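Take a look at the following structure, please.
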Amino acid sequence: MATIDKITEKFARKFAQRSSRRSLFTLIGGAVTGAAILPTLPVARASTGPAAPAGQPGRFAATPQDPGDQNSCDYWRYCAIDGFLCTCCGGSVSTCPPGTEMSPITWIGTCNNPADGRAYIISYNDCCGKSSCGRCGCNRNERDRPMVRPQENNDTNWCLGTESTVYNCSTAIILGQAIEQ
């Protein structure tokens, strides 16, 4: 134990001789600032669990209770979409076209289904990896929020956490029924 005490004392004395209180406060301040900025960095938030069945990445797949033309901007799920529809680009309302990758980071919206009159939570996932398909461009901003709430804003390139940040098209996946207020 005496040896560890001597080494610790020697290290502490050398550190005290070579540094000042100001430099120590600078080091602590930098660490605190760095720790505060860390949560704002973009990260991949996709689960690494097993993949969902083909064509059904959301909890609910299309049913007869899912009315409307999925290639039209007026389709009920697209109430907060901003971008090109994957249904016009070789994908579907809930899957990306071949050669693209679905972004794990999304924005959300709450859209009313005219078939049952209920509101559903919709996850808008961008498909990334190829240049924009350029077909069926839609920009609907119903209940869009300012950038203070980025998870509900559709004006952001959400191709973060993917191999490529090049945007191709957007999907509209039903996550579940919204709670009535």
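No lab work stands behind these numbers, since they all come straight from the coordinates. Since the model is a prediction, treat every value here as computed from it, not as a measurement. Note: ideal-geometry Cβ built from the backbone for every residue, glycine included; neighbour counts use all protein chains shown.
Which order do K10, K130 fall in if you start with the one that has the fewest other Cβ atoms within 10 Å?
K10, K130
Which ordering of C138, C79 is given by a fewest-first count of other beta-carbon atoms within 10 Å?
C138, C79
Let me ask something else about it. Using modelled amide H (1.01 Å from N, peptide plane; none on Pro or chain starts), what sits under 5 Å from the amide H of C159, excluding residues fewer than 5 places away?
Excluding prolines and chain starts, which carry no amide H, there are no hits.
If you don't mind, another one. Amide H to amide H under 5 Å from F84: which residues, 5+ apart in sequence or cross-chain, H placed 1.01 Å off N in plane?
C138, S170
Can you list the residues, at least 5 places off or on another chain, whose amide H is less than 5 Å from the amide H of I122, using H built in the peptide plane?
Amide H neighbours of I122, under 5 Å, 5+ apart: G109, T110, C111, L175.
Return the FRET efficiency for the residue pair N157, D116: r is the Cβ-Cβ distance, R0 is 41 Å, and the value is rounded to the nearest 0.05.
0.75
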